[in-house]
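Read the structure below first, then the notes.
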Amino acid sequence: MGRAVILGVWLVGLSAQAQPLQLPTANRGLFEQGGEERYFVGTVGKPWISGTFGCVRSGGWQMHEGIDIRCLQRDRRGEPTDPVLATADGTVAYISLRPSLSNYGNYLVLRHQVEGLEVYSLYAHLREVRGDLKVGQAVRAGEAVAVMGRTANTRETISKDRAHVHFELNLLLNERFAGWHKKTFPAQRNDHGGWNGQNLAAIDPRAIFLGQQEQGAKFSLLSFLQKQTELCRVLARKTDFPWRQRYAALVRPNPRAEKEGVAGYEIALNYNGVAFELIPRATSEIKGKARFQLLSVNEPEYQKNPGRRLIAKKGARWELTSHGLNLLELLTY
Ligand SMILES: [Zn+2]
């Protein structure tokens with residue numbers, strides 16, 4: 001029996017290596033034929049698809065930046081008790097145990113390095129976070145870090161039968177977020193420093209888990225990011241900002257700008273505002289003087305996924321909305 005246990009541990013270790021990101025609970029419905037109903041929790045009265053990532057709410061006009069994973073275990077009072085598991089090796093970045101201060105309720109953020117990319121996982125509506133966890137502490141993939149719950153500060157509370165963990169995978173927009181937020185929205189509170197949801201650029205966990213399942217060790221998070229569908233392309237007259245350093249792997253070389261000097265960056269954004277391709281541009285390649293210019297729009301992608309409202313059509317012309325401009329200001333702050 002001892003040997004079987006050891007073998008089991010070894011196999012778990014192997015699969016952890018092949019798949020850097022693991023499911024954050026014991027629920028495996030995502031990988032089962034027709035298992036979506038058992039995996040995702042939809043919004044009240046809506047099908048499971050409204051618990052997936054994307055523009056899946058309010059007829060596409062509301063973005064859901066994570067996935068809502070159904071609970072499997074309950075106590076005698078019907079409250080969820082599922083352990084919530086670290087999706088990858090990493091360290092604790094943030095713990096918020098003041099549920100009244102966020103629509104996430106109690107939440108936890110972990111920092112990971114995946115293929116050299118800084119990725120942040122977020123677990124929300126928690127009943128509790130493991131008591132000994134502290135910011136900076138190391139955690140292993142699959143380690144229990146919290147217990148599922150249904151905490152939130154929204155007027156509409158989460159009912160027992162909709163108990164779930166809201167799980168996100170994110171890139172970090174800017175470590176100077178708190179200063180930017182104070183300057184840009186002086187009247188608004190920010191109780192979470194840089195760990196405000198607005199500073200996290202979410203990517204689709206379901207697509208990543210299914211991609212890993214299908215491609216095994218060949219799955220690459222970097223190429224997943226590089227293959228995002230473009231919503232629009234903008235030019236920012238900024239030459240140095242945290243994202244281009246933190247996610248340097250997303251920067252494409254441009255010999256002309258390298259020779260003449262970089263005057264700005266052309267940035268491709270997906271529908272959720274993730275800057276997945278950056279190209280340095282020389283002055284001779286830039287027309288116009290605006291800080292941010294909208295260079296092109298992928299209209300079919302906008303029709304499909306308009307929820308972030310980053311761009312809008314005014315008459316025959318597309319322009320960046322205040323949401324789009326705010327995102328670019330924060331990205332390049
Ligand atoms: Zn959610």
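Would you mind pulling out the separation of the Cα centroids of the stretch 86-109 and the stretch 26-54, in Å?
22 Å
So, by mean Cβ neighbours within 10 angstrom, what's the order for 195-203, 298-306, 36-44 with the highest one leading?
On the way: 195-203: 20.9, 298-306: 15.1, 36-44: 17.8.
Descending mean neighbour count gives 195-203, 36-44, 298-306.
Can you sort Leu325, Leu21 by solvent-accessible area, 1.4 Å probe, largest first?
Details: Leu325 70, Leu21 5 Å².
Most to least solvent-accessible, the answer reads Leu325, Leu21.
Local charge sum around Tyr302 (other residues, Cβ-Cβ under 14 Å, Lys/Arg +1, Asp/Glu -1)?
On the way: positive: Arg233, Lys304, Arg308, Arg309, Lys313, Lys314, Arg317; negative: Glu230, Glu299, Glu301, Glu319.
For residues surrounding Tyr302, the net value is +3.
Where in the stretch 188-213 is the amide nitrogen less than 16 Å from a point lying 7 Å along the Cα-to-Cβ axis of Arg98?
The answer is 188-197.
Summing Lys, Arg as +1 and Asp, Glu as -1, what charge do residues with Cβ under 11 Å from the Cβ of Leu101 carry, Leu101 excluded? All intermediate terms of the calculation are to be shown ahead of the outcome.
On the way: positive: Arg98, Arg189; negative: Asp191.
Charge balance in the 11 Å sphere: +1.
Would you please give the FRET efficiency between Lys183 and Thr81, computed as 1/(1 + (r/R0)^6) with r the Cβ-Cβ distance and R0 = 56 Å, to the nearest 0.05?
Numbers: r = 43 Å, r/R0 = 0.77.
Result of the calculation: an efficiency of 0.85.
Extending each Cα 7 Å along its Cβ direction at Gln113 and Ala26, get the distance between those two points in nm, one decimal.
3.3 nm
Mind giving me the nanometre distance, one decimal, between the label points for Gln73 and Val44, set 7 Å out from Cα along Cα→Cβ?
For the pair Gln73/Val44, the computed spacing is 2.9 nm.
At what distance in angstrom do the alpha carbon centres of the stretch 185-211 and the stretch 268-287 lie from each other?
Centre-to-centre distance over Cα atoms comes out at 21 Å.
May I ask for the net charge around Leu171, where only other residues with Cβ less than 10 Å from the Cβ of Leu171 are counted and Lys, Arg are +1 while Asp, Glu are -1? Provide the component values of the computation, followed by the final result.
Details: positive: Arg246; negative: Glu118.
Here the charged neighbours net out to 0.
Kindly point out which whole DSSP H helices in the chain project their C-alpha atoms 20 angstrom or further along the helix axis while averaging a Kyte-Doolittle hydropathy of -0.5 or above.
Values: long enough: 2-18 (25 Å, 1.35).
Correct list, ordered by number: 2-18.
The values are calculated or read from the model by the stated rules, or taken from the named source; none is laboratory data. Being a predicted model, the structure only gives us computed values, none of them experimental. Because the Cβ atoms are built from the backbone with ideal geometry, glycine has one as well, and the counts that use them run over all protein chains shown. Accessible surface areas use protein heavy atoms only, side chains included; no ligands, DNA or RNA. Shrake-Rupley method; radii C 1.70, N 1.55, O 1.52, S 1.80 Å.
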